[in-house]
Amino acid sequence: MYSGNELRDMFLKYFEAKGHKILPSASLIPKDDPTLLLTVAGMVPFKPYFQRRVEPPFPRATTAQKCVRTPDLEEVGKTARHHTYFEMLGNFSFGDYFKTEAIPWAWEYITEVLKLPVEKLWVTIYPEDDDAKGIWEKAGVRSERIVGDPENFWAAGPTGPCGPCSEIYVDLGVARGCGKPGCAIGCDCDRFLEIWNLVFMQYNRDEAGVLTPLPKQNIDTGMGLERIASVMQGVETNFDTDLFRPIIDHVANLAGVKYKDNPKSDLALKVVSDHVRAVSFMLSDGIRPNNEGRGYVLRRILRRAVRYAKLLGIDKPFLESAFRIIQRDYAHAYPELKENENFILNHLNLEEKNFLATLEQGTQLLQEKVKGLLKQGETVLTGTDAFYLYETYGFPVELTEEMLAEQGMTVDMVSFQAAAEEHRLKAKEQSQQMRAVAESPELAEKAKSLGMTPFIGYEKVSATSRIEGLFVDGKEMQDAGEGEEVTIFLAETPFYAESGGQVSDVGFIRTPRAEARVLEVKKGVTGTVYHRAEVRTGVFHIGESVEVEVGNSERLATARHHSATHLLQSALRSVLGEHVQQAGSLVTPERLRFDFTHFSPMTPDGLRAVEGLINEAVLKNMPVQATEMSLKEAKKSGATALFGEKYGETVRVVHMGTFSQELCGGTHVSSTGEIGLVKILSEGGIGAGLRRIEAVAGLEALAYFRSLDDQVMDVAQTLKAQPLEIGKRVSGLMTQVKDLEREIGQLQAKLAKNEVEGLLSRVREVEGIQVIAAQVHASDMESLRQMADLIRDKMKSGVIVLGAVSEGKVNFVTTVSPKGLSGLHAGQIIKEVAKITGGGGGGKPDMAQAGGKDPSKLGEAIDRVPNLLRGFLKK
Ligand code: SER
């Protein structure tokens, strides 16, 4: 019997012998592909070759590719063959061989290498593909075993390469089928298992859905490793193969259950085993759990795993132990499971811990909501409630839906989307968005025709260039005059376009008769640089020669902050450890912001150490040099690269002595001394495992210390103290304030006691009941209540209504003692009293408090108490 590992190797070796290059699996994060969130098939990394956007470096390749698909998430565990994460074995031809080779090879592999019995095999083709039919027959498939299926057309997404396909099925026997009369190949049940899909990639589909033939005909095949393993190992489901069993057994062991004992726990075991594989591999490719895109997919799967484990009775963190099994079994084929172990474990544990904590609370809340709804005969949870669970307890809405479904209930998804959208808009408003380049089709067309704008800004900040394009409001112009906001394309530019966290240069474009101020510079997808500018004087003409000048003081200030960011990253790594990874940055002339991965707040000592290292590196005045090299060389030399970031073949590495080497396209100082003083302003958490540091450098650091200095001087003057003594003086003052507060408190208590005694002498009787109604002095509700308590203790039986003005509003307290005295209710009394001052409130029969708005009505309210009581007593 072949193991999963052997089956993977056999496949690759077979196709290697047929002239294919064996490539390692690409990342689960598709490279340069905004149309896909995750790698969903073996062909994804090869899209550029099929489309001939990139010339294929070899004509044939074969891979075992890591894939994640989530549309069928809910099916996982319920069927024999659905997964989120799986491995796809494939052979690919990039304009080289086509059907005539691909079909017989597949047949040979299945029947002669794997030796699957021919009588169990079926083949499907795209209905009009007579070509394929003929080739299958020639390869040895009987014609009655070849069936047409209109669904045999495959595409990786809504757009991109696609083509008709042909599939190989295994008949697992009548016993595995649904037994329905029409059960035949194509039936959804478990009897006929598709094991291999051969796609004849020959079209590209555009956004409008139009198919155009690809430059060449290609082959893309895909065979799910888990499926073929289930067939070859003769087991009932993919979960029973050696690719899953160790994980299932481990989890079952932790839960104290037995696999195949009970369908309910089996389902949970299958879900958990599938999900921990997905989570481990996604993390190993640098995906971080968060609330967006693939990070959200990861979070959702991870949380689902934790929840299903909980259903099994696993209450403690278990993901790390499950990961260890996966690492043990898969790291030889996927070394990233070892290489990125720290990253994986940090995120795995943190996310699990956080989710376990909130799961408990959220579940309780949801159960209460469910109870309430059931009582009202409702079966739909509002979108607002579902969004609250999502926002506050991190419940993916799909999880809420699933938990509700267990009780036959649903979520109002329309109002959920509305709540989410509202939240998104608010968040967007809050974050300062740079003004985007106003793209019009005309502008985009022009950019495309011009292509990449050469950047000469590393060497110079001013130059002579030429206007190649001039746009106002997205329309191409021959000229543009004073006051107009223009987008200018230049023949070449010294302006740095916003990128890699560094904001763009600003500056001027001039002719002898005209001047425009460049406000913002961006780079389009075509590499064309967009200069957004405002014409201040004169008229600019297309095609004319211009003098361009980058604002040097801004450029230098930005460079200081950018170079300081590199020193910061290095210093963080040496103080906190190599796990520190850049997770985002912003570099402006005013400050720098650096986000990084780390799992706990930094200590004041740690921050000092980092700041110290940076400033030492500044004082060493090390040369800053940029060199171009291949990505491989750069990595070998130990340069820091952004995790998950895409780089071209040649990269630019910025060295600062031996202190820092980073891949970077930004503009820098020429030696570290030019950075000047660097001061960290703040460090804080911005998400699970993510920290943010803000700092200033150079003149901005000077400005920071000047403003501190001004404040110290001001305070010293007020205190009539020496600047260096203000700390001591302030803490002395604080002690004094505390003492005074204590004294005031004591005096107030004394006053209250006196006031209470005075009040006791003013008891009056209403219908035989003792009543005290009075306006008193009490700074807040709490002291008012204490006062009422004191009086009640002395008076034993009766009604007390006290009112006091506090901060422009009115507070009331009412007591009735003993409880139920003559049927009186403190809550009802106070409601009427407070109403007179424009307020409201209520409470229990023996004690109630309320607020009012209008202090001028307080006297009247108190005076009306006896009458109100008479009214209540009559009822
Ligand atoms: N791309 C096809 C699939 O995923 C064949 O590899 O089925």
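The values are calculated or read from the model by the stated rules, or taken from the named source; none is laboratory data. Bear in mind the structure is a predicted one, so any value in this text is a computation, not a measurement. So basically every Cβ, Gly included, is an ideal-geometry build from the backbone, and we count neighbours across all protein chains shown. Note: accessible area is taken over every heavy atom of the protein model, side chains too, but ligands, DNA and RNA are not part of it. Shrake-Rupley method; radii C 1.70, N 1.55, O 1.52, S 1.80 Å.
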Self-check item: Cα-Cα pairs of segment 398-549 separated by more than 22 Å (percent)
Solution: 49 percent
Exercise. Restricting things to alpha carbons, tell me how big segment 61-194 is in terms of Rg and Dmax, in Å.
Key: 15.8, 44
Self-check item: Largest to smallest principal axis extent of the C-alpha atoms in segment 592-640, angstrom
Solution: 39, 29, 20
Practice problem: Starting from the coordinates of the alpha-carbon atoms of segment 256-378, obtain the Kirkwood hydrodynamic radius over all distinct pairs and give the value in Å to one decimal. | Solution: 15.6 Å
Quiz item: Cα gyration tensor of segment 545-598, axes a ≥ b ≥ c as square roots of the eigenvalues: rounded (a/c below 1.5), prolate (a/b > b/c) or oblate?
Solution: prolate
Quiz item: Using modelled amide H (1.01 Å from N, peptide plane; none on Pro or chain starts), what sits under 5 Å from the amide H of TRP154, excluding residues fewer than 5 places away?
Solution: GLY163, CYS165
Quiz item: Roughly what would the spin-label model give for ASN754 and SER553, points 7 Å off Cα along C-beta, in nm?
Solution: 6.4 nm
Self-check item: Alpha-carbon Rg/Rh ratio, for segment 701-789, with Rh computed the Kirkwood way
Solution: 1.37
Quiz item: Residues of the chain: accessible area per residue at 1.4 Å, in Å²?
Solution: 48 Å²
Quiz item: About its Cα centre, how strong a charge dipole does the chain have in debye, to the nearest 20, once Lys and Arg get +1 and Asp and Glu get -1 at the Cβ?
Solution: 2620 debye
Quiz item: Could you give the alpha-carbon Rg of segment 1-62 over 2.2 N^0.38 Å, rounded to two decimals?
Solution: 1.29
Quiz item: Can you list residues whose amide H is under 5 Å from GLY666's amide H, if they're 5+ apart or on another chain and H is modeled 1.01 Å from N?
Solution: none
Quiz item: Cα to Cα, under 17 Å, and not fewer than 8 places away if on the same chain: which lysines meet these conditions relative to LYS750?
Solution: LYS794
Quiz prompt | Projected area averaged over orientations for the chain, convex hull of C-alpha atoms, nm² | solution = 52.2 nm²
Quiz item: Among LEU821, GLY808, SER779, which residue has its Cα positioned farthest towards the positive end of the charge dipole of segment 763-875, with +1 placed on the Cβ of Lys and Arg, -1 on the Cβ of Asp and Glu, and the dipole taken about the Cα centre?
Solution: LEU821
Quiz item: Which trypsin sites (Lys or Arg not before Pro) from segment 445-517 combine a DSSP loop assignment with at most 11 other Cβ atoms within 10 Å?
Solution: LYS460, ARG513
Quiz item: Along the principal axes of its C-alpha atoms, what lengths does segment 747-875 span, in descending order and rounded to whole Å?
Solution: 40, 31, 22
Quiz item: Under a 5 Å amide H to amide H cut-off, with H placed in plane at 1.01 Å, what residues pair with LEU690 once short-range neighbours are removed?
Solution: HIS598
Quiz prompt | Mean separation of Cα contacts under 8 Å, 6 or more apart, over the residue count of the chain: relative contact order % | solution = 6 percent
Quiz item: Rounded to a whole number of µm²/s, how large is the Stokes-Einstein D of segment 520-667 at 25 °C and 0.890 mPa s, given Rh as the Kirkwood radius over C-alpha pairs?
Solution: 139 µm²/s
Quiz item: What are the ³J(HN,Hα) values, in whole Hz, obtained from phi via the Karplus relation 6.51 cos²θ - 1.76 cosθ + 1.60 with θ = phi - 60°, for each residue of segment 15-27 in sequence order, with x given for Gly and Pro?
Solution: 7, 4, 5, 9, x, 8, 8, 7, 10, x, 4, 6, 5
Practice problem: List, in order, the whole-Hz ³J(HN,Hα) value for each residue of segment 759-771 obtained from phi through the Karplus relation with A = 6.51, B = -1.76, C = 1.60 and θ = phi - 60°; use x for Gly and Pro. | Solution: 5, 4, 7, 10, 5, 10, 10, 10, 6, x, 9, 6, 10
Quiz item: Over segment 322-417, what relative contact order in percent results from Cα pairs under 8 Å that are six or more residues apart?
Solution: 24 percent
Practice problem: Step through the residues of segment 255-267 one at a time and calculate ³J(HN,Hα) from phi using the Karplus curve (6.51 cos²θ - 1.76 cosθ + 1.60, θ = phi - 60°), rounding each to whole Hz and writing x for Gly and Pro. | Solution: 7, x, 10, 10, 5, 6, 9, 8, x, 5, 6, 4, 4
Quiz item: Counting only protein heavy atoms and using a 1.4 Å probe, what share of the accessible area of the chain belongs to carbon plus sulfur, as a whole percent?
Solution: 51 percent
Self-check item: Counted charge near ARG52, where neighbours are those whose Cβ lies closer than 14 Å (Asp, Glu -1; Lys, Arg +1)
Solution: +1
Quiz item: Taking the Cα-to-Cβ direction at ARG176 and at GLN770 and moving 7 Å from each Cα, how far apart do the two end points lie in nm?
Solution: 9.0 nm
Quiz item: Which of rounded, prolate, oblate describes segment 726-777, given a ≥ b ≥ c as roots of the alpha-carbon gyration tensor eigenvalues and a/c under 1.5 marking rounded, otherwise prolate only if a/b is larger than b/c?
Solution: prolate
Quiz item: Cα centroids of segment 789-865 and segment 707-749: how far apart, whole angstrom?
Solution: 40 Å
Exercise. Take the alpha carbon atoms of segment 182-230, find their radius of gyration, then divide it by 2.2 N^0.38 Å using N residues; give the quotient.
Key: 1.61
Practice problem: Determine how many Å³ per residue the convex hull of the Cα atoms of segment 174-330 encloses. | Solution: 188 Å³
Quiz prompt | Rounded D (µm²/s) - segment 89-160, Kirkwood Rh over Cα pairs, Stokes-Einstein at 25 °C, 0.890 mPa s | solution = 182 µm²/s
Self-check item: Protection-proxy order for peptides 599-606, 537-544, each taking the mean of Cβ atoms within 10 Å per residue, highest first
Solution: 537-544, 599-606
Quiz item: What Kirkwood hydrodynamic radius, in Å, does segment 801-875 give when the mean of 1/r is taken over all pairs of distinct Cα atoms and then inverted?
Solution: 12.0 Å
Quiz prompt | Cα centroid separation - segment 330-367 against segment 275-300, whole Å | solution = 9 Å
Exercise. Determine the alpha carbon to alpha carbon distance for each of LYS78/LYS310; LYS18/LYS635; LYS120/LYS264; LYS679/LYS738; LYS446/LYS522 and list only those over 23 Å.
Key: LYS18/LYS635; LYS120/LYS264; LYS679/LYS738
Quiz item: Beyond 24 Å, what percent of the Cα pairs of segment 621-778 remain?
Solution: 69 percent
Practice problem: Report, to the nearest 10°, how far helix 319-330 tilts away from the longest principal axis of the Cα atoms in the chain, using its own Cα long axis and a range of 0 to 90°. | Solution: 10 degrees
Exercise. Take the Cα pairs of segment 781-824, get the Kirkwood Rh, then feed it into Stokes-Einstein at 25 °C and 0.890 mPa s and tell me D in µm²/s.
Key: 223 µm²/s
Self-check item: Size of electric dipole in segment 670-796: Cβ of Lys, Arg +1 and of Asp, Glu -1, about Cα centre, debye, nearest 20
Solution: 400 debye
